[in-house]
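Trainee: Sending over a structure as structure tokens; questions will come in a sec.
Read-outs throughout are calculated quantities, based only on the coordinates presented, and are distinct from any laboratory measurement. Note that this is a predicted model, so its numbers are computed, not measured. Because the Cβ atoms are built from the backbone with ideal geometry, glycine has one as well, and the counts that use them run over all protein chains shown.
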Amino acid sequence: MGYLVGVDIGGTFTDFVSFDTATNEIEVWKNLSTPGDPFDGVLDGLTKMEHLDGIQRLRLGTTIATNAILQRAGANVAYVTTKGFRDIPFIQRGNRKAHYDMTWIKAKPLVKRRHCYELDERLDAKGGVLKALDDNEVRALAAKIKAEGAVEAIAVNFLFSYLNPAHEVRVKEIFAEELPDIPTSISYEVLPKWKEYERASTTLADAYVKPLVGRSFATMNKRFDELALGGRVAVMKSNGGECSFDAAAAQPVQMTVSGPTGGVVASRALSKLIDVPNLVTFDMGGTSTDCATIINGEENFTTSFEIEWGLPIQVPMIDVRTIGAGGGSIAWIDKGGLLQVGPQSAGADPAPACYGKGGIEPTVTDANLVLGRLNAEEFLGGDMHIDAKAAHDAVKRIAGELKMGVEETANAIVQIANNNMVGALRSVLLERGHDPRDFSLLGFGGAGPLHVNELMVLGNIPQSIVPINPGQFSAFGFVMTDARTDKQRTIQQTSARFDQEVSTGLMSDLVEMAVNEVREQGYSDELEIYRTVDLRYLGQNYELQLPYGGDDFTDAGLTDLWKRFHEAHQARFNFHIPGETIEMVNLSIAVVAPSPKPTLTTLAKGSGSPKKKGERAVWFDKAFEKSSVYDRADFLDGQQVDGPAIIRESASTTVVCPGYVARADAYGNLHIANKRS
Amino acid sequence: MDPVMMKILDSTMVSVCREMGITLMQTSYSTIFNEALDFTCAIANRDGDMIACAEFCPAQIGGMPLMAKSMVKEMPLDQFDEGDIVLHNDPYRGGLHTPEHTFFKPIFVNGEIRGFAVSIGHIAEVGGMVPGGFCGEATEIFHEGLRVPPVKIVSKGVHNKDIWRLLLANVRTPRYNYGDLRALISAVDLGERRMKEIYSKYGADVVDQTCNDLMDYSERRMRAEISQIPDGIYPFEDLVEDDGIEDRPYKISVEVHKTGDDIVADFSGSAKQAKGPINATLGVTLSATYNALLHMTDPSIPKNSGCFRPIRVVAPAGTIVNVNYPAPEVGGNTETHPRIAGTVIGALANVIPHLAMAAEGATHGNFVFGGVHAATKEFFACYDIEVVGWGGRSFADGNDACDSINGNCRVTPVEVFEVRYPWRVEDWVFREDSAGAGKFRSGVGYTKTLTCLNDEIIISQMTDRHKVAPWGLNGGLPGDKGATLFMLSGANEWLDASQAYGKISPSKYSNISIRKGDRVRLVMPAGGGFGDPKERDRESLREDVVEGYVSAKAAQDIYGL
């Protein structure tokens, strides 16, 4: 028994959640982050805990890898590839971000062309050796790299290596002998999948952050050891699973979206806890909003993440769509006289006008103040001084240009911001073939609960939920997670010609690899193994992913699989092609070591509404309406309030619109729905 | 007008179009769709005006309004039933070229047509003289594949099997064609469904009114941009180097007349139509002119038919910019289009150089091939697209290896290409010193070398810029030309198609038989430079030398380092 602790190191704040497994009590707190050495902020926050030795497990979400990539602060990387193909990272795919923009500048890869080297080796399209690797040439290249002195990490990517890793593995061995201080990432270990550019880009990203992440994690590991916490601390990966510091440092590209996964893991846990199988999450902060989906109680994974447009990282990660819209997004008028919101953000400097730090541009937060949805006296539980007049003046400035009233303008700002965010919801729902009417919208982050009611209406989502502690929901996710490793491999079989023996062998190898990787990190409990396959009609180039049960590929298992593919294609694309040959492209294995989960306490039963704390005028649509004000902490299980209403808590405010009702469940989560439903 | 509703509806409709495109990409069979993304999805109103589109292929976007209007003219609205889908590819009925297959699905709201969901895609194999659709030596439209006037391929939700049988009997790769056409249908099905939801949510009249407001808004924004250009008459010309039939160049000549907030692009000085397939239909010339102007104006203007209202085009019938039936024209849409767009950009560069770009490589390579795959015994056909160097700009170098502005296509990965087709890719490398020199140099071109692994592959090509270099601007130098070279098995010399196979044109030819071990090298052009090379920032120049884009000798001789 002891504490499960989640720590989310963000740009401004480091959030903490601790769960006492003996008493089932949750505590949340936050303190300022320390970008110079993030560990200082973590340590500072941990001093709030009386007994560090009472920590059973501490999990960290970190943006070290993300920031190194986004700020282009990684290592000098060398790229080593097949003779004739050193320009693949620069050629990329040849298309561009917008269809009509002559000012567009193509993304630069994470490597200089002068550090791109070729080796005279070649595999054919079936993985056979056309030109064998020459050890001497590899050693000569190592000597050259050493002599030049600039290279800090190496990425190796040979054509068709996903079918046969021998050459890449050999290069890694030789480099380890010749260049022991320079880490080497090989594409077969990072992303054993076809399409050489996407694999190159992903492998380069891994090498790019490896030295930095390695150093940083080694330091943290050491300092946790000094606190006698060694072995009880883990890092969050982009796939929402935890892993050891060593495993993370060995494949840092797995940390690309470490931070935002917490909210998704917490959402998955919530989905199971309160039995709401389909959630779309909406984590709105100051500068950005993250959206993701939980479908049938499970999170979704993607392999199409991009650092910036055109620079993919294709390792499987939790599918989180981030858009640059948040409370700090600035409202402005374009050349044609249309009101626009974002993508520029006031951020922390100059900050929204109401912060009184010199910002004069109206932001979404300022608009919320004008509309009475936020209240100057209650901001962050009253801990922060807010200038309501500055907000009003800022909105008034553009209201004049639009020839609209101040409140109408503020309302338009919020609506346009909502619409931008609905665009993100649409991209994770409709663009993937999901019907919003089958979902609940889960709003968290500092600003999520303010917008969640209007967004659910705009997005055709029938109900929304504001979880407990919405401001620290991501860190809460870290106390709910498991260890997880994902592996994939290209397999290339068809329904017409399927080699069951070879494919079963490949699957067993992959399972063994993943299981070993989890065991090596010290997770020895019973493991869960999930197998999925990527299928398409022979000729298509994109796949649908379906689960496959069982250790072997058998006639019965495959017959069922092909049938399920036709059904899935019909469901996803509204047609299928009876009798067409189906191709199996990739095989994916996920191994999960489940960890003990907190049991959450329930509230006492109540009825009616909690005590009203006051009233204030809040603008909805075309006018101010008198709205009741409640405190979140007063809600009992089953109590509900009618909109228009404002529900206050320290780190956020929930807005309930007219015609809607908010009801607390047994755990204190608020469910918002239309009164008539 | 309700500006908030406009903003909401515009982004909603654009994301519907995007969703249609994702469906197309994910379900189609040919690499020209699923890797290259040579398609466009749009929503039109019942008059055939485009009201929204997503960021796919500009050539098809600009061509859409004329295509939709021609279809509605031939097939009046009262002939449609709910659940119908019309297929149409005829260049002589408002289309762009035969491979461009367009599907229209009417959107019915309460028994009345409100608009159409539209998907346009380039079908890789369309029958005709050569596998892969681009016949460099065609002299009639009939050589270029099967023409399909507007026909109901789906009637009241039921597929018309007779039309399917007719279509699929006339192409070399029916299984692939079926997959691609089915994907295009799936896209308009989706577009229609989504638009119906939008109509029922906001009310049909509100949506129609808002779409009209949106088009007016885009027109206003375009006019505001055009007003910034000084009034005047600005001429420019460029050449299509030959037509595959006769060895002589064809002039594309424009006079851009700018008065107030109107633009007239007059192409009257252009060459008479060619015997070979480089002719542009009127639809192509409109699309190319729109394309140039949309590239020189604010990218944030919503892309709908309102953008096109301030722009008029004069293109006399019987010229290379408005071809008469039944001349061939498959290359007009890929090669002549960027040449036309380039002349408009070049003309306006006189007065708004800060918004211009020197010539880009302005070809898609259009290397097409087919044959019977030794391993699968199935007929294959491929339309392979290659990319070029973009021209230098007043504020930045041209992008290296980037699709010409009439497409927004991707190159096909080596690993996909070799798995599908019996070629081995030997190399794919940037060309040092290919960039047009300038204060801002162009992007570089590349070469790609292929070795044939099949007993036979039949190849054809429809490209340009092998003889006429891409021009520079403001003292920038021309960029390097492209080439297609052959080395027969056992030989040791690279020859062009004229030298090796006696073809009239090295860039436009049909049905060359490539045998096992023969090699083909595609050399893609760069663009032109912008500004005097002597003024190039020395730091950037030194970086170019270290990075291998500019040789030390060129840095000295041309840039004066």
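Trainee: Based only on other Cβ atoms within 10 Å, what is the fewest-to-most ordering of A:TYR523, B:TYR383? Working shown, then result.
Mentor: Details: A:TYR523 24, B:TYR383 29.
Arranged by neighbour count, lowest to highest, A:TYR523, B:TYR383 become A:TYR523, B:TYR383.
Trainee: OK, next. Which order do B:VAL546, B:VAL411 fall in if you start with the one that has the fewest other Cβ atoms within 10 Å? Before the final figure, lay out the partial values.
Mentor: Working: B:VAL546 13, B:VAL411 25.
So the residues, fewest neighbours to most, are B:VAL546, B:VAL411.
Trainee: Sticking with this structure for a sec: Relative to the first principal axis of the alpha-carbon coordinates of chain A, what is the inclination of helix A:135-148, with its axis defined by its Cα atoms, in degrees from 0 to 90 and to the nearest 10?
Mentor: 50 degrees
Trainee: Okay, next question. List the GluC sites (Glu not before Pro) within segment A:486-571 that DSSP assigns to loop and that have no more than 10 neighbouring Cβ atoms inside 10 Å.
Mentor: Values: sites: A:GLU501, A:GLU512, A:GLU517, A:GLU520, A:GLU526, A:GLU528, A:GLU543, A:GLU567; in loops: A:GLU526, A:GLU543.
Loop-located and lightly packed - A:GLU526.
Trainee: Right, next: How big is the Rg/Rh ratio for segment B:340-490, C-alpha atoms only, Rh by Kirkwood, two decimals?
Mentor: Numbers: Rg = 17.5 Å, Rh = 16.7 Å.
Ratio of gyration radius to Kirkwood radius for segment B:340-490: 1.05.
Trainee: Let me know the charge dipole size of segment A:209-257 about its Cα centre in debye, to the nearest 20, where only the beta-carbon of Lys, Arg (+1) and Asp, Glu (-1) is charged.
Mentor: Numbers: 6 positive and 4 negative charges, 24 e Å.
For segment A:209-257, the charge dipole is close to 120 debye.
Trainee: Between exposed GluC sites (Glu not before Pro) in chain B, where DSSP calls loop and at most 16 other Cβ atoms lie within 10 Å, what's the longest gap? If you can, show how the numbers build up before the last one.
Mentor: Details: sites that count: B:GLU82, B:GLU140, B:GLU246, B:GLU378, B:GLU432, B:GLU493.
In short, B:247-377.
Trainee: Could you work out how far helix A:406-428 tilts from the main Cα principal axis of chain A, as a 0 to 90 degree angle to the nearest 10?
Mentor: 30 degrees
Trainee: How large is log10 I(q)/I(0) at q = 0.05, 0.08, 0.10 Å⁻¹ when the Debye formula is applied to the Cα atoms of the protein assembly as shown, each weighted equally and without solvent?
Mentor: For the protein assembly as shown, the Cα-only Debye profile gives -0.35, -0.96, -1.52.
Trainee: Give the angle, between 0 and 90 degrees and rounded to the nearest 10, that separates the Cα long axis of helix A:166-178 from the longest principal axis of the Cα atoms of chain A.
Mentor: 90 degrees
Trainee: If you plug each phi of segment A:668-677 into the Karplus form 6.51 cos²θ - 1.76 cosθ + 1.60 with θ = phi - 60°, what whole-Hz ³J(HN,Hα) values come out, in order, with x for Gly and Pro?
Mentor: x, 5, 9, 10, 10, 8, 4, 4, 7, 8
Trainee: If you don't mind, another one. For A:ARG373, enumerate residues with amide H under 5 Å from its amide H, sequence gap 5+ or separate chain, H modeled in the peptide plane.
Mentor: For A:ARG373, the qualifying residues are A:TRP619.
Trainee: Let me ask something else about it. Identify all lysines with a Cα-Cα distance to B:LYS69 below 17 Å; exclude those on the same chain that are fewer than 8 residues away in sequence.
Mentor: B:LYS105, B:LYS152
Trainee: Also, I was wondering about something else. Once you average over the residues of B:421-430, how many Cβ atoms of partner chains fall within 10 Å of each Cβ?
Mentor: 4
Trainee: Pop out the ³J(HN,Hα) list for segment B:71-76 in order, Karplus 6.51 cos²θ - 1.76 cosθ + 1.60 with θ = phi - 60°, rounded to Hz; leave Gly and Pro as x.
Mentor: For segment B:71-76, the Karplus-derived couplings read 5, 5, 5, 6, 10, x Hz, x marking Gly and Pro.
Trainee: Specify which residue in the list B:GLY157, A:ALA73, A:GLY643 is farthest towards the positive end of the charge dipole of the protein assembly as shown, using unit charges on the beta carbon of Lys, Arg (+1) and Asp, Glu (-1), about the Cα centre.
Mentor: B:GLY157
Trainee: Note down, for segment B:7-83, the three equivalent ellipsoid semi-axes (square root of 5 times each alpha carbon gyration tensor eigenvalue), biggest first, whole angstrom.
Mentor: On the way: eigenvalues 105, 51, 32 Å².
Listed largest to smallest, the semi-axes of segment B:7-83 are 23, 16, 13 Å.
Trainee: I need the Debye-formula profile for chain B: one equal scatterer per C-alpha, no solvent, reported as log10 I(q)/I(0) at q = 0.07, 0.08, 0.12 1/Å, two decimals.
Mentor: -0.39, -0.51, -1.15
Trainee: Further question on the same structure: Residues with amide H under 5 Å of A:ILE55's amide H, sequence separation 5 or more or different chain, H placed in the peptide plane at 1.01 Å from N; which?
Mentor: Correct list: A:TYR3.
Trainee: In chain A, what % of DSSP beta bridges are antiparallel (nearest 5)?
Mentor: Values: 87 of 123 bridges.
Antiparallel bridges make up about 70 percent of those DSSP assigns within chain A.
Trainee: Are there trypsin sites (Lys or Arg not before Pro) in segment A:531-639 that DSSP marks as loop and that have at most 13 other Cβ atoms within 10 Å, and which are they?
Mentor: Values: sites: A:ARG531, A:ARG536, A:LYS563, A:ARG564, A:ARG572, A:LYS605, A:LYS611, A:LYS612, A:LYS613, A:ARG616, A:LYS622, A:LYS626, A:ARG632; in loops: A:LYS611, A:LYS612, A:LYS613, A:LYS622.
In loop regions of segment A:531-639 (DSSP not H, G, I, E or B), the sparsely surrounded trypsin sites (Lys or Arg not before Pro) are A:LYS611, A:LYS612, A:LYS613, A:LYS622.
Trainee: Sticking with this structure for a sec: If one computes the Cα centroid of segment B:1-78 and of segment A:427-470, what distance in Å separates the two points?
Mentor: If you average the Cα positions of each part, the centres end up 28 Å apart.
Trainee: What's the magnitude of the charge dipole for the protein assembly as shown around its Cα centre, counting Lys and Arg as +1 and Asp and Glu as -1 at the beta-carbon? Answer in Debye, nearest 20. Intermediate results must be reported in sequence, preceding the final value.
Mentor: Numbers: 123 positive and 161 negative charges, 275 e Å.
The calculated dipole for the protein assembly as shown is roughly 1320 debye.
Trainee: Would chain A count as rounded, prolate or oblate if I go by the C-alpha gyration tensor, calling it rounded below 1.5 in a/c and otherwise prolate when a/b exceeds b/c, oblate otherwise? Please list the in-between numbers first.
Mentor: Working: a/c = 1.63, a/b = 1.59, b/c = 1.03.
Prolate, because a/c is 1.5 or more and a/b exceeds b/c.
Trainee: Percent of alpha carbon pairs in segment A:614-674 separated by more than 16 Å? Don't skip to the end; give the middle numbers.
Mentor: Working: 742 of 1830 pairs.
Value for segment A:614-674: 41 percent of Cα pairs lie more than 16 Å apart.
Trainee: How big is the gap, in Å, between the Cα center of segment B:169-201 and the Cα center of segment A:479-550?
Mentor: 33 Å
Trainee: When we measure straight from the Cα of A:LYS611, which lysines land under 29 angstrom away, once same-chain ones fewer than 8 places off are left out?
Mentor: Leaving aside lysines fewer than 8 places away in the same chain, those within reach of A:LYS611 are A:LYS30, A:LYS622, A:LYS626, A:LYS675.
Trainee: Separate question: What's the local net charge at B:LYS553, with K and R +1, D and E -1, over the other residues with C-beta under 14 Å away? Display every interim value, and only then the final one.
Mentor: On the way: positive: none; negative: B:GLU432, B:ASP433, B:ASP544, B:ASP557.
That sum, taken over residues with Cβ under 14 Å, equals -4.
Trainee: Another one. Under 12 Å from the Cβ of A:VAL276, count the other residues' Cβ atoms, weight Lys and Arg +1, Asp and Glu -1, and hand me the total. If you can, show how the numbers build up before the last one.
Mentor: On the way: positive: A:ARG268, A:LYS272; negative: A:ASP275, A:ASP438, A:ASP665.
Within the 12 Å Cβ shell, the charges total -1.
Trainee: Listed here are the pairs A:LYS193/A:LYS237; A:LYS193/B:LYS508; A:LYS612/B:LYS196; A:LYS195/A:LYS563; which of them are more than 32 Å apart at the Cα?
Mentor: A:LYS193/B:LYS508; A:LYS612/B:LYS196
Trainee: Also, quick follow-up: Between segment A:134-211 and segment A:580-613, what is the C-alpha centre distance in whole Å?
Mentor: 39 Å
Trainee: Same structure, new question: With a ≥ b ≥ c taken as the square roots of the eigenvalues of the C-alpha gyration tensor of segment A:434-546, please select rounded if a/c is under 1.5 and otherwise prolate if a/b is larger than b/c or oblate if it is not? All intermediate terms of the calculation are to be shown ahead of the outcome.
Mentor: Details: a/c = 4.30, a/b = 1.56, b/c = 2.75.
The shape class here is oblate.
Trainee: Next question. Can you give me the long-range amide H partners of B:VAL550? Hydrogens built in the peptide plane at 1.01 Å from N, cutoff under 5 Å, separation of 5 or more residues or another chain.
Mentor: Here B:ASP433, B:VAL545 satisfy the definition.
Trainee: Further question: If the cut-off is a Cα-Cα distance under 22 Å, which lysines reach A:LYS146, setting aside same-chain residues fewer than 8 apart in sequence?
Mentor: Cross-link targets: A:LYS83, A:LYS112, A:LYS172, A:LYS210.
Trainee: What percent does the relative contact order of chain A come to when contacts are Cα pairs within less than 8 Å and at least six residues apart?
Mentor: On the way: 1527 pairs, mean separation 76.3, N = 677.
11 percent.
Trainee: What shape does segment B:159-297 have by the C-alpha gyration tensor, where a ≥ b ≥ c are the square roots of the eigenvalues, rounded means a/c under 1.5, and otherwise prolate means a/b greater than b/c and oblate the rest? Each step should come with its number before you reach the end.
Mentor: Working: a/c = 3.80, a/b = 1.13, b/c = 3.36.
Here segment B:159-297 falls in the oblate category.
Trainee: With θ set to phi - 60°, apply the Karplus curve 6.51 cos²θ - 1.76 cosθ + 1.60 along segment B:6-16 and write out the HN-Hα couplings as whole Hz, x wherever there is a Gly or Pro.
Mentor: Per residue, the Karplus-derived 3J(HN,Hα) values read 4, 4, 5, 5, 4, 5, 5, 5, 4, 6, 4 Hz.
Trainee: Using +1 at the C-beta of Lys and Arg and -1 at the C-beta of Asp and Glu, which of A:TYR667, A:PHE624, A:GLY614 has the Cα lying farthest in the positive direction of the dipole of segment A:614-674?
Mentor: Projecting each Cα onto the dipole axis, the largest value belongs to A:PHE624.
Trainee: Assign unit charges at the C-beta atoms only (+1 for Lys and Arg, -1 for Asp and Glu), then state the dipole size of segment A:74-213 relative to its Cα centre in Debye, rounded to the nearest 20.
Mentor: Working: 22 positive and 20 negative charges, 142 e Å.
In debye, rounded to 20, segment A:74-213 gives about 680.
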